[in-house]
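Below is one structure, written out as structure tokens, with a few remarks after it.
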Amino acid sequence: MAPKRRSPAIADIDARPSRAPDHARENQALLALVTAQLDSREVLLQRIADFAMRLCCAQSAGISLLEREGEERYFRWHSVAGKFANLCGSRIHWSDCPCAAVLEAGKPLLFTALSDDFPILAPACADVQEALILPIVSKGRQLGAIWVASLEERSRFSREDQRVLGEFAAVAGSALDLVEARDHSRMQTQRYSEVIAVLAHEFRNPLAPLENAFQALQMICKDRAPQREYFAVAQRQIAQLKRLMDELQDASRLDHDKLNVDPTDASLNEILSDALASIRERVQARRHTLSVRPLAGDLRLFADPTRLTQVIVNLLSNAVRYTPDGGEITLVVEQKSTGGARCVEISIRDNGIGIDPAVLSRIFEPFAQFAGKSARLEGGLGIGLPIAQRLAQLHGGEILVTSEGIGRGTLARLSIPVRTGSAEAVKPLPAVLVGNGPARVLIVDDNADACFALGALLELEGHEVRTAGDGASALTMLRQWKPHLALVDIGMPGMNGYKLAERMRAMPDHANVMLVALSGHVSDSDRAAALAAGFHAHLAKPADIGRLRTMLQMCAQDGWRMTG
């Protein structure tokens, strides 16, 4: 138990004559602090201390924040300006600090014998003539104290200094609450992102064998119409789950400004073809009439084909979703020139339910739903359009959405600059395989169901498949067998996919195997890590069977197969 502190020497500041206020300087300081609230807590509090010292003509100023350690209370010299700046970060026990007397009194106090009344401060504060200290309180909570110190005989504080310091104490209290709320929000957002990433990874793992099993069954039952329809329903729903997971992950990236694109030399016709293929079944199911007017020839763009396809698919999906059965959708591609710069404009018009013009200004807000109850029944999270807009902006373009009102359709226009990339920008898969015939495929995954389902599907398509449940088993198998393509799960326990790829690259007989990474983690950094580890491609789980078939077709072409 600390000894009881004696009553300190306190001066009556109200008995002193007050200096004239300098409202202009005070207002400038307060305006500067409004901007500083966008900075970190440390920067903000330091600026408050700096302004307090200047406006009160003091030789030092600071903010001491209250801390608790079990039952004990301390004051931390959090932000210090002037003479005692070297003490920033020091901690003083409640019983030894004049700030405690201020909080106990609940009002400003002017100390005139600081080193005598608080001996622990004597070595550092021997030259202090007086110190004016005010409590920092917000929403009834005592947060700490703000203080100014005079080290000169002629420098004395007045009621005006107390008023100014009171303004800064109020700003400090509000700022601490604001920053605390902001940091809490960021922490919650970070946790949300981490949960989304984990959920997406965990959902992708069972989806992969499920999707492959349905595809294999559909091939087995290709002559049985009723069964084919059942499997088609299941595959459409799996595709919808995959889209929702992709949107959630992109929403997290959008919130952290981590969406990016990987531009390369790309064909606009191929991008449009992929986008139209993605929504064809939904168009047919709704009996829509989809008219497409492309350019007369192909156009090469310096763009990320995957991301640009995603943007167009989103705009087409919205048109399909919000256009009643039997409606009309038109896609028109045009080249335009503005100020000597060329751009390509892709317009998608529908005669669907339309949008109230009053809400068009908020159409790109995340999680916004403006299409009414009937349209919400079609599904969607309300994050596809904000993601598409950001991806368009990353390509140097933008999306404009207009509507003449409810029931009068919608027009979405995507404009992208026409830019061409250098030859180095093109990143084809390396030509590492040579020969003819079915490919030999190795699947390495600790998920036995995933191995079985994907292996069965590839065997039905005529390929020779072997599977391994871990890296060590795969290496044992590779001593007796040479695959042309290896599908390797990244997240295996023990020897992960990166280590296995490194070991395979070191084996002379397998240096030219086409390595494809499989992962439930699908961020751009995950793709980059896979390519840096020596993989030729990165596929998210469930693997896009279309892309996988393309790779396997390479294995069946002359000039792409290893001998032996």
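The values are calculated or read from the model by the stated rules, or taken from the named source; none is laboratory data. Not measured: the values here are computed from a predicted model. Heads up, the Cβs are rebuilt from the backbone with ideal geometry, glycines too, and the neighbour counts pull from every protein chain shown.
Restricting the range 444-457 to residues that are surrounded by 24 or more Cβ atoms within 10 Å (Cβ to Cβ) and within 23 Å of Asn512 (Cβ to Cβ) leaves a set whose member that is modelled with the lowest pLDDT is Leu454.
Within the range 130-181, being acidic (Asp, Glu) and either part of a strand (DSSP E or B) or in contact with a His (Cβ under 9 Å, 6 or more places away or on another chain) (or both) holds for one residue alone: Glu130.
Taken together, the residues in the range 59-75 that are free of Cβ contacts under 8 Å to residues at least 60 places away in the same chain and either surrounded by 21 or more Cβ atoms within 10 Å (Cβ to Cβ) or touching a Leu at 6+ places or on another chain (Cβ under 8 Å) (or both) amount to 2. Pairing each residue of the range 147-169 that is farther than 17 Å from Ala85 by Cβ and without any contact (Cβ under 8 Å) to a residue 60 or more places away in the chain with any residue that is surrounded by fewer than 22 Cβ atoms within 10 Å (Cβ to Cβ) and of a type in the set (A, V, I, L, M), provided the two are 6+ apart or on different chains, yields C-beta distances under 8 Å for Ala169/Val137. Picking from residues in the range 322-342 that are of a type outside the set (Val, Ile, Thr) and at pLDDT below 90, the one that is farthest from Asp356 (Cα to Cα) is Gly340. Scan the range 343-388 residue by residue and report those that are in a helix (DSSP H, G or I) and either modelled with pLDDT of 90 or more or of a type in the set (Gly, Ala, Ser) (or both). Ala358, Ser361, Ser374, Ala375, Gly384, Ala388 - these are the residues of the range 343-388 that are in a helix (DSSP H, G or I) and either modelled with pLDDT of 90 or more or of a type in the set (Gly, Ala, Ser) (or both).
Screening the candidates Ala52, Ala20, Ala11 for the property of being aliphatic (A, V, I, L, M), farther than 17 Å from Val171 by Cα, surrounded by 14 or more Cβ atoms within 10 Å (Cβ to Cβ) and modelled with pLDDT of 85 or more yields one hit, Ala11. If the requirement is being at pLDDT below 75 and either assigned by TED's automatic domain parsing to the domain that holds Leu475 or surrounded by 22 or more Cβ atoms within 10 Å (Cβ to Cβ) (or both), which of these qualifies: Ala511, Ala537, Ala506? Just a single option satisfies the conditions, and that option is Ala511.
Results for (1) assigned by TED's automatic domain parsing to the domain that holds His23; (2) over 21 Å from Ser155 (Cβ atoms); (3) in contact with a strand residue (DSSP E or B) (Cβ under 9 Å, 6 or more places away or on another chain), shown as yes or no for each residue.
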residue	(1), (2), (3)
Ser60	yes, no, yes
Ile63	yes, no, yes
Glu71	yes, yes, no
Tyr74	yes, yes, yes
His78	yes, yes, yes
Asn86	yes, no, yes
Ala105	yes, yes, yes
Thr112	yes, no, yes
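From the residues in the range 477-490 that are surrounded by fewer than 17 Cβ atoms within 10 Å (Cβ to Cβ) and either of a type outside the set (S, T, N, Q) or in contact with a strand residue (DSSP E or B) (Cβ under 8 Å, 6 or more places away or on another chain) (or both), which one is nearest to Cys451 (Cα to Cα)? Per the criteria, the residue is Met477.
Within the range 98-119, being within 11 Å of Ile10 (Cβ to Cβ) and among the hydroxyl-bearing types (Ser, Thr, Tyr) holds for one residue alone: Thr112.
Inspection of the range 9-29 finds no residue satisfying the criterion of being touching a residue at least 12 places away in the same chain (Cβ under 8 Å), in a strand (DSSP E or B) and among the charged types (D, E, K, R). Taking the numbered list (1) closer than 17 Å to Ile279 by Cα; (2) within 30 Å of the chain's Cα centre (by Cα); (3) not small (Gly, Ala, Ser) in turn, Ile355 passes all entries but (1). For the range 138-164, the set of residues classified as among the hydrophobic types (A, V, I, L, M, F, W, C) and within 16 Å of His78 (Cβ to Cβ) consists of Leu143, Ala145, Ile146, Trp147, Val148, Ala149, listed by residue number. Take Asn212 and tell me if it is modelled with pLDDT under 75 and closer than 21 Å to Leu457 by Cβ. Spelling it out, it is not the case that Asn212 is modelled with pLDDT under 75 and closer than 21 Å to Leu457 by Cβ. Looking at the structure I just gave you, is Arg228 modelled with pLDDT of 75 or more and touching a helix residue (DSSP H, G or I) at 6+ places or on another chain (Cβ under 7 Å)? Considered against the rule, which asks whether it is modelled with pLDDT of 75 or more and touching a helix residue (DSSP H, G or I) at 6+ places or on another chain (Cβ under 7 Å), Arg228 comes out as no. Scanning the range 247-298 for residues that are among the β-branched types (Val, Ile, Thr) and under 14 Å from Leu391 (Cβ atoms), we see that the one that is modelled with the lowest pLDDT is Val261. Only helices (runs of 4 or more DSSP H) whose full extent lies in the range 443-516 are considered here, and the ones with at least 2 residues that are touching a residue at least 60 places away in the same chain (Cβ under 8 Å) are 448-460.
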